[in-house]
Amino acid sequence: MASTWHVYALECADGSIYTGITTDPHRRLYEHNETPKGARYTRSRRPVKMLVCNPCADRGDALRRERRFRKLSAAEKRKRLKDL
């Protein structure tokens, strides 16, 4: 059985937005907040909270959506969170 890929955005304690992909959003949020497995970027900006998490057609789709979103300015990211 294939896993569903998700693209997600987190808000860090400093107000910045981090974007990533995963097959298990609950596990990934836990890792970002509680373990060394979280991204280096979020480790120094804890706690983080999930702003949005959307399913994707496949891993490639998730990667493309993440890449597109990461190129936006911080202000644009906040405006377009629902479109992630």
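Computed values, structure above
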read-out	value
Estimated FRET transfer efficiency when R0 is 25 angstrom, pair Asp83-Lys49 (beta carbons, to 0.05)	0.85
Residues of type lysines that Lys79 reaches as a straight line, Cα spacing below 18 Å, ignoring anything fewer than 8 places off in the same chain	Lys49, Lys71
In order through the range 29-37: 3J(HN,Hα) via Karplus (6.51 cos²θ - 1.76 cosθ + 1.60), integer Hz, x for Gly, Pro	4, 4, 4, 5, 8, 10, 10, x, 6
Cross-link partners of Lys77 among aspartates and glutamates (Cα-Cα below 16 Å; sequence separation of 8 or more within a chain)	Glu11, Asp14, Glu66
Lys, Arg +1 and Asp, Glu -1 on Cβ, resulting dipole of the chain about Cα centre, debye, nearest 20	300 debye
Estimated vicinal HN-Hα couplings, Hz - the range 64-81 in sequence order (Karplus 6.51, -1.76, 1.60; Gly, Pro = x)	5, 5, 4, 4, 4, 5, 5, 6, 6, 6, 4, 5, 5, 4, 5, 5, 10, 4
Dipole of the chain, positive end: most advanced residue of Ala75, Cys56, Gly15 [Cβ charges, Cα centre]	Ala75
Label point 7 Å beyond Cα of Ala57 along Cβ direction - residues of the range 1-25 with amide nitrogen under 16 Å	4-7
Sequence ranges 46-58, 18-30, ranked by mean other-Cβ count within 10 angstrom, highest first	18-30, 46-58
Phi to ³J(HN,Hα) by Karplus 6.51 cos²θ - 1.76 cosθ + 1.60 over the range 3-18, Hz, x for Gly, Pro	7, 7, 8, 10, 10, 9, 10, 10, 9, 7, 4, 8, x, 6, 10, 10
Principal axes of the chain: Cα extent on each, largest first, Å	34, 29, 17
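Throughout, read-outs are computed from the coordinates displayed, never taken from laboratory work. Predicted model, so just to flag it, every value in this text is computed and none were measured. Neighbour counts run over all protein chains shown; Cβ positions are idealised from the backbone, glycine included.
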